[in-house]
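Below is one structure, written out as structure tokens; comments come after it.
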Amino acid sequence: MSETWQLSARDLASSIAAGELSAESVVARQIERIRAVEGDVGAFLTVDDSAVERAREVDLARTRSETLGPLAGVPVAIKDNMSWRGRPLSCGSKLLEGYTAAYSATAVERLEDAGAIIVGSTNMDEFAMGSSCENSALQETRNPWDLNRVPGGSSGGSAAAVAAQQVPLAYGSDTGGSIRQPAAFCGCVGLKPTYGRISRYGLVAFASSLDQIGPMTRTVADAAVGLQVMAGHDARDSTSATAPTADYLAGLEHGIEGLRVGTLNEIDLSSLPTDVREDWLRSLDVLEGLGAEIVEVSVPSVRAAIAIYYVLANSEASANLARFDGVRYGARVDSGTLASLYTESRSRGFGAEVKRRIMLGTYALSSGYYDAYYGRAEGVARTLRRELRTAFQDVDVIATPTSPSSAFGLGERTDNPLEMYLSDIFTTPANLAGLPGLALPSGLDDEGMPLSLQLLGPAFSEAQLLRVGHAFETAADFPAPPEPRRL
């Protein structure tokens, strides 16, 4: 019989609702699991002591025959850039040391309304800036598949927590691939919804036009539930979409016969490692075997996506992080004048990667360079959006690898920021165009590390992406995650 911490979120929810399991015992066992492997993995920044007590309230509600939410009693983790009232909020940075959230994000409120039991917050690259989780100022997170490797970033803590079976469902934020790339490295499912599908109210901003919250799970069905409970318009977020939501579970079993799957002419297969290339081609064979038609499409501007992303994202980060000045909240270094207070607080509070991105963004926005950098990048981004809309007139989804490699070693790329940035080469187009993207475990490389398939769709096509993902997941039969180990 499986341990409760090995069960999916859907199975846990249905067993708790039927009275076969108590929410209290499920959450208590989950916290035991977290503490048992946390010393090796380092996924969590905080574990909430009141979680078991809140789970007990779910059990009481069931005994009173009250209607339970779709995630009632299910243990869930959130990335530490999502405000949760009364709890620490650090964004993985020393600058927010000692800060406690004054309110809850809409996403967190909706989780709690669904009955989920948030058990803690997960580690992340500082202010969501990074591709390995090594930029956290607070602790190191390791990949459960090989503890000598990175979990990916910036949502590395959430991905590691799911892969280590510390929770069945965790949430991250995705600005240029920060859900999908760590999901790929850790052998998980990661969903970045359409921009505006989930409210950003209460999410600490990195790049406001690109950020989006999404679920990370071990199964596509759990990702569908994770999206279902959060999706929908929020009047407190001016960028929140008013488009109606779908029943994301309803069509999962319908198959993909006759679906048109696009592949990009611009992907240079010869540039990929042999095992990544072979896994990618096998993934296309799986989709074709399920009845899909593979169609080549061209999106020329996708070649520039990584370059324009790092101009636009860093420019927005420069503006958004101006509020962290040592005056209103977080760490404060008193040093005589107001100007020196700003300088010292930010210099000591921000890490090297955050400083690098603020400087690059400020430069791109500065007088005399705005048109040459930011203006030009925004122009290419508009072209990219137009080309993707044209491509989706010919295909239903576009398939790419999620990452050009499997998880790399701890410390392997910390001295080479450009190589680190290229980890997001396949994921940034979805953010620049505001489109949904789904990362799926697809196989193992020559060293037994996870590889991943990415599916992109038109705006608000999450139901279709999840249907394709479920069909692929069933056919690919990816192995269950191992106990945390060193290869």
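The values are calculated or read from the model by the stated rules, or taken from the named source; none is laboratory data. Since the model is a prediction, treat every value here as computed from it, not as a measurement. Please note: Cβ atoms are built from the backbone with ideal geometry, for glycine as well, and neighbour counts cover all protein chains shown. Heavy atoms of the whole protein, side chains included, go into the accessibility calculation; ligands, DNA and RNA do not. Shrake-Rupley method; radii C 1.70, N 1.55, O 1.52, S 1.80 Å.
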Counting only protein heavy atoms and rolling a 1.4 Å probe, one gets per residue an accessible area for the chain in Å² of 37 Å²
With a/c under 1.5 counting as rounded, go ahead and sort the stretch 274-426 into rounded, prolate or oblate using the C-alpha gyration tensor (a ≥ b ≥ c being the square roots of the eigenvalues; past the cut-off, prolate if a/b is larger than b/c, else oblate).
prolate
If each of residue 209 and residue 97 carries a label point 7 Å out from its Cα toward its Cβ, how far apart are those two points in nm?
3.6 nm
Arrange the peptides 169-179, 427-437 so that the one whose residues have, on average, the most other Cβ atoms within 10 Å appears first.
169-179, 427-437
Is the stretch 306-349 rounded, prolate or oblate when judged by the Cα gyration tensor, a ≥ b ≥ c being the square roots of its eigenvalues, rounded requiring a/c under 1.5 and prolate requiring a/b larger than b/c?
prolate
Taking Cα atoms of the stretch 1-150, Rg/Rh with Kirkwood Rh, to two decimals?
1.00
Dimensionless Rg ratio for the stretch 362-405, taking C-alpha atoms and the 2.2 N^0.38 Å reference:
1.66
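Normalised by the number of residues in the chain, what is the relative contact order in percent for Cα pairs under 8 Å and 6+ residues apart?
Worked out over the chain, it gives 18 percent.
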Note down the nm distance, to one decimal, between modelled labels 7 Å out along Cα→Cβ at residue 474 and at residue 233.
3.5 nm
Once both labels are modelled 7 Å past Cα along the beta-carbon direction, what's the residue 366-residue 18 spacing in nm?
6.4 nm
Report the Cα centroid-to-centroid distance between the stretch 180-196 and the stretch 117-157 in angstrom, as an integer.
14 Å
Run the numbers on the stretch 20-165 and let me know its relative contact order in percent, using alpha-carbon pairs under 8 Å that are six or more apart.
27 percent
The chain, helix-only ellipticity at 222 nm - DSSP H runs n ≥ 4, -39,500 (n - 2.57), divided by all residues, nearest 500:
-11000 deg cm²/dmol
Please work out how much length the chain gains when fully extended from residue 266 to residue 328, using 0.36 nm per residue of separation minus the C-alpha to C-alpha distance, in nm with one decimal.
17.6 nm
P(r) of the stretch 324-381 over all Cα-Cα pairs, binned every 5 Å from zero, in whole percent
4, 19, 17, 17, 15, 12, 10, 5, 1, 0
Reduced to Cα centres, the span from the stretch 52-105 to the stretch 1-51 in Å works out to 14 Å
Inverse of mean 1/r across different Cα pairs in the stretch 117-193, Kirkwood, Å:
11.7 Å
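Classify the stretch 352-445 from the C-alpha gyration tensor, please: rounded if a/c falls under 1.5, else prolate or oblate depending on whether a/b exceeds b/c.
Values: a/c = 3.36, a/b = 1.10, b/c = 3.06.
Verdict is oblate for the stretch 352-445.
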